[in-house]
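Here is the structure we will look at.
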Amino acid sequence: MQAETLSMPEPTRPAPILQVSGLHKWFGALHVLRGIDFSVEAGERIAIIGGSGSGKSTFLRCLNFMETPSSGRIALDGTPLGRTTAGKPDEVRYPESELCRVRERVGMVFQQFNLFPHMTVLENAMEGLVTVKRMKKGQARERALRELHKVGLGEKTDVYPGRLSGGQQQRVAIARALAMEPEILLFDEPTSSLDPELVGEVLRVIRQLAEEGRTMLLVTHELGFAYHFATKVIFLADGVFHEVGTPDEVLKHPGQERTRAFLDRFTEFSF
Ligand SMILES: Nc1ncnc2c1ncn2[C@@H]1O[C@H](COP(=O)(O)OP(=O)(O)O)[C@@H](O)[C@H]1O
Ligand SMILES: [Mg+2]
């Protein structure tokens with residue numbers, strides 16, 4: 001009787017918005033993610049730092065299933081994604097229809113923007129609404145315009161991406177992601193391919209989203225920004241979360257030698 005009571009979930013605490021358990025990812029013989037356990041509560045802002053090739057992009061890509069996890073499980077709002085067969089709990093199948101819904105709920109912004117060059121800014125921002133959400137064009141247009149205004153591009157709706165600066169293109173990509181009204185936003189080094197003078201305009205948009213209380217994961221080398229932006233910082237190394245803590249703990253007073261060595265390579269940031 002007592003054991004039964006103890007195993008009851010706490011009624012007042014909602015399930016984390018995102019939960020990852022035992023995540024591994026192999027590319028052939030390359031073992032990139034080596035057992036990651038992780039959960040995100042609504043409203044958390046998590047900055048992920050780590051060396052080049054450490055698996056930061058792979059981790060984000062697994063969260064919205066652009067890469068299929070080799071093993072482990074990902075749950076949204078307490079519901080594990082994918083299907084298993086009785087007796088084979090480790091073999092998870094991911095039906096494409098389910099993954100489409102996941103990608104609507106988990107939005108992604110890439111380092112290289114990934115806009116369609118043959119579509120205008122407005123068409124780019126509407127694309128997912130029309131093709132994935134099957135929204136009527138008029139309604140999709142309205143919502144895309146709302147998000148383009150929000151990122152400061154209301155005047156550029158009929159322009160093609162090739163005519164925009166990198167910072168403007170990245171803001172279009174953010175508007176496109178926002179238009180889908182995702183529950184979680186993933187940013188994969190959103191300012192890494194920008195000229196230094198364009199970084200600020202993109203970070204300002206991300207800061208504005210933070211002020212709205214959105215749930216976000218941000219892979220970045222902008223450590224000064226990460227310090228002010230994040231509720232939690234993760235240092236990824238050797239395919240595991242080597243150190244996790246508050247921005248003060250991880251960026252100012254890292255407990256692990258490996259984290260300190262990584263941070264020492266950044267000479268230019270200040271908090
Ligand atoms: N699709 C892929 N096929 C094979 N190897 C890959 C693939 N994607 C990434 N990798 C490898 O996985 C490792 C981690 O890559 P990545 O996640 O892009 O690192 P990061 O984003 O931290 O720089 C690297 O060694 C990279 O070469
Ligand atoms: Mg990367």
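The values are calculated or read from the model by the stated rules, or taken from the named source; none is laboratory data. Given the structure is predicted, the values throughout are model-derived calculations rather than measurements. Glycine also receives a Cβ, built like all others from the backbone with ideal geometry; neighbour counts cover every protein chain displayed. Note: areas computed on protein heavy atoms with side chains; ligands, DNA, RNA excluded. Shrake-Rupley method; radii C 1.70, N 1.55, O 1.52, S 1.80 Å.
Data overview
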item	result
Net charge contributed by nearby residues that have their C-beta within less than 12 Å of LEU129 (K/R +1, D/E -1)	+2
Alpha carbon convex hull of region 165-214, volume per residue in cubic angstrom	65
When each of LYS25/LYS150; LYS88/LYS232; LYS136/LYS156; LYS56/LYS136; LYS25/LYS88 is checked by Cα-Cα distance, pairs over 27 Å	LYS25/LYS150; LYS88/LYS232; LYS56/LYS136
Computed accessible area, CYS100, all protein chains, 1.4 angstrom probe, square angstrom	60
Neighbour cut-off at most 16 other Cβ (10 Å), DSSP loop, GluC sites (Glu not before Pro), region 29-78	GLU41
Sequence-distant aspartates and glutamates (8 or more away, or on other chains) whose Cα lies within less than 13 Å of LYS252	GLU243, ASP264
Sites matching trypsin sites (Lys or Arg not before Pro) across region 87-148 that sit in DSSP coil, with at most 13 neighbouring C-beta atoms within 10 Å	ARG134, LYS136
Net charge contributed by nearby residues that have their C-beta within less than 15 Å of LEU145 (K/R +1, D/E -1)	+2
